Amino acid sequence: MDAIIKSIELTAIALTLAFIIQGCTRNQQDEISDAPQRPNILFIMSDDHAYQAISAYDSTLISTPNIDRIANEGLLFLNASVTNSICAPSRATILTGKHCHIHGKIDNITPFDTNQITFPQLFQKAGYKTSIFGKLHFGNNPKGIDEFAILPGQGDYLNPDFIITNGDTINIQGYATDIITDLSIDWLKANNDPESPFLMMYFHKAPHRAWWPAPDKFKEFSKRTFPEPASLFDDYTNRGTASRTAEMNILEHMMLSYDCKVLPEAVAELEIKTDPRDSNFFNLSYSKANNSQKTAYQPVLDSIADEFKANWLSMNDEQRMSWKYQRYIQDYLACISSVDDNVGRVLDYLDESGLAENTIVIYTSDQGFYLGEHGWFDKRFMYNESFKTPLMIRWPKKIKAGIRSDELVQNLDFAPTLLDAAGIEVPADMQGESMTPLLYGHDEKWDRKSVYYHYYEYPGEHAVKRHYGIATKEYKLIHFYYDIDEWEFYDLHEDPNEMNNAYEDPAYSATILKLKSELQELRVRYDDSPERDLNFIRSNKGED
Ligand code: SGN
Ligand code: CA
């Protein structure tokens, strides 16, 4: 009996203690929840994803319901641009919040100065858990990242290798877009800790050249026909030298096997003169497929080859351009369709886990891309399709659903924006500005009237000449230099497709003069100069 009483007493004491402890914990929790909870950041970036291929911007080519969710439930930027339309420089600008001439990564070749402060380092220091999954494209040991799995260089679509946190290289069988998503969701699950927010960079390789879709998407999209852009047959009259000498025309420069997936045997059978690297490039990427993937790809490849053999020789140049455009756009969009499905998986996980409300989701690309406009693929130019980049930001806790902004923002602004939104001090030497006023609906606090652009990778692949310029909402003024000295001016309201260089039009001379002086002001404000241009040219030629 005594033992029973003792046990009841002990239970009562235990219950009281448990109550006190629980009470305490509850009080502490109350204090924690009273403090503003720092947001998680999910930074989604695809590689070469044109805004023309996101239905939130334009539903002519494809429906992207999952990416559109981010725009519909948040803020869609209609005038977001990059400071230099090429992969690694853009990524370096995103990470540092600085123009290329300051962080030094002016092209895909120059090494990244790893002494630069990147924004993930600042998040990590502030107690965030940080990670990167997918394509980074420079330096495979990023600072400030707790855990990563990064594609070496451009990486492969099929059964890719990844460099992981401890420096090892691992191989994962499957399709890159699916794998990068699996790795990301696994990390989110393992790091779902209310006490410690996360910054996750979820970086797709797709839809980068050479466009290898997942097998089911390859089959589905190869049967579809897409509308051609108005300027597919552009002959570059009324433009400068740079447009005519660039090597990114679909008819002339796109490879039949590597890019359009015509089996090399079919090209050889018709005795077509093609780029000598074409069949090798194709075989290199297709040889990455395993047997079960090849079983799925082969019938589609065979039917493309059959169609090619039956028609190519009797086609004129115009028909060949149209045919190559369809092959290109089918595969490009098929790659995007997988990105969209996978973005949906991640958004669903945020919903299921209760993380969605206080997670800032940003969707962007490292730059835009030509989907046949001006007859082109690739990017690099300051013309709209590659200068602009998709940008949408969702944060249910703070951003109203369904807002649109046509303010001039750039990838330069991403780092200061995210730091500011998370309450982390923005370093004074970052050149971008926090876009948070636009996020919170205080547009009157955003007074930027123009943006600066500078492209360097010339001489180089696709032969796009060096240029810098200024863009406002109404006009664009570009100076091409190095082996030419040419100016171009476009009235974006009168000529939205940038078909008519109006630099010599006297009606615009006053406007051009004003823009030239604004451009000079921007160069001074951002600390760019002819001396820097010359130094970059010299170091490119190995003169230092
Ligand atoms: C590769 C591509 C180019 C592309 C660059 C840069 N050629 O070199 O078409 O412009 O990447 O792209 S390929 O033959 O290798 O496909 S970037 O997005 O990395 O800047
Ligand atoms: Ca890119």
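Data for the structure
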item: Members of region 367-378 found to be within 9 Å of ligand 2 (Cβ to nearest atom) and either more than 13 Å from Gln52 (Cα to Cα) or of a type in the set (Phe, Trp, Tyr) (or both), listed by number; result: Phe369
item: Residue in region 262-287 that is surrounded by the most Cβ atoms within 10 Å (Cβ to Cβ), counting only those that are within 13 Å of ligand 1 (Cβ to nearest atom) and within 26 Å of the chain's Cα centre (by Cα); result: Phe282
item: Output for region 439-468, where each listed residue is at positive phi and more than 16 Å from ligand 1 (Cβ to nearest atom); result: Gly441
item: Subset of region 202-216 [among the small types (Gly, Ala, Ser) and either under 19 Å from Ile94 (Cα atoms) or within 16 Å of ligand 2 (Cβ to nearest atom) (or both)]; result: Ala206, Ala210
item: Criterion (under 30 Å from Trp395 (Cβ atoms), hydroxyl-bearing (Ser, Thr, Tyr), modelled with pLDDT of 95 or more and in contact with a Gly (Cβ under 9 Å, 6 or more places away or on another chain)) met by exactly one of Tyr526, Tyr453, Tyr503; result: Tyr453
item: Close pairs from region 360-383: first over 16 Å from Asn411 (Cα atoms), partner within 14 Å of ligand 1 (Cβ to nearest atom) and part of a strand (DSSP E or B), Cβ under 7 Å, at least 6 apart; result: Tyr370/Trp376; Gly375/Asn249; Trp376/Asn249
item: Segments classed as strands (runs of 3 or more DSSP E), wholly inside region 445-502, with at least 3 members that are aliphatic (A, V, I, L, M); result: none
item: Hey, Thr364 within 16 Å of ligand 2 (Cβ to nearest atom) and either farther than 30 Å from Gly469 by Cβ or of a type in the set (Val, Ile, Thr) (or both) or not; result: yes
item: Failed item, numbered, when Asp378 is tested on (1) in contact with a Gly (Cβ under 8 Å, 6 or more places away or on another chain); (2) surrounded by fewer than 24 Cβ atoms within 10 Å (Cβ to Cβ); (3) under 18 Å from His454 (Cα atoms); result: (1)
item: Residue check, Arg538 in a helix (DSSP H, G or I) and without any contact (Cβ under 8 Å) to a residue 24 or more places away in the chain; result: yes
item: Hits in region 33-82 - residues which are β-branched (Val, Ile, Thr) and within 14 Å of ligand 2 (Cβ to nearest atom); result: Val82
item: Every residue from region 471-522 that is of a type in the set (Val, Ile, Thr) and surrounded by fewer than 16 Cβ atoms within 10 Å (Cβ to Cβ); result: Ile484
item: Neighbours by Cβ (under 8 Å, 6+ apart or cross-chain): first from region 299-313, within 14 Å of Glu265 (Cα to Cα); second in a helix (DSSP H, G or I) and among the acidic types (Asp, Glu); result: Ala305/Glu265; Lys309/Glu269
item: Filtered residues of region 127-155 (kept if surrounded by fewer than 18 Cβ atoms within 10 Å (Cβ to Cβ) and within 26 Å of Asp331 (Cα to Cα)); result: Pro152, Gly153, Gln154
item: Qualifying positions in region 228-253 - among the hydroxyl-bearing types (Ser, Thr, Tyr), surrounded by fewer than 16 Cβ atoms within 10 Å (Cβ to Cβ) and out of contact with any strand residue (DSSP E or B) (no Cβ under 8 Å at 6 or more places or on another chain); result: Thr237, Thr245
item: Some residue of region 156-172 being under 21 Å from the mean Cα position of the chain (by Cα), within 16 Å of ligand 2 (Cβ to nearest atom) and not aromatic (Phe, Trp, Tyr); result: yes
item: Candidates Pro111, Pro152 - the one that is out of contact with any helix residue (DSSP H, G or I) (no Cβ under 7 Å at 6 or more places or on another chain), within 16 Å of ligand 1 (Cβ to nearest atom) and free of Cβ contacts under 8 Å to residues at least 24 places away in the same chain; result: Pro152
item: The listed residue being among the polar types (S, T, N, Q), without any contact (Cβ under 8 Å) to a residue 40 or more places away in the chain and away from ligand 1 (no atom under 16 Å from the Cβ), out of Thr472, Thr436; result: Thr436
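Results for (1) within 29 Å of Asp182 (Cα to Cα); (2) within 14 Å of ligand 2 (Cβ to nearest atom), shown as yes or no for each residue.
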| residue | (1), (2) |
| --- | --- |
| Arg91 | yes, yes |
| Gly104 | no, no |
| Asp107 | no, yes |
| Thr110 | no, no |
| Pro120 | yes, no |
| Lys125 | yes, no |
| Ile132 | yes, no |
| Ile145 | yes, no |
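The values are calculated or read from the model by the stated rules, or taken from the named source; none is laboratory data. Because the structure is a prediction, the values reported are computed rather than measured. FYI the Cβ positions are ideal-geometry reconstructions off the backbone, even for glycines, and counts take in every protein chain you see.
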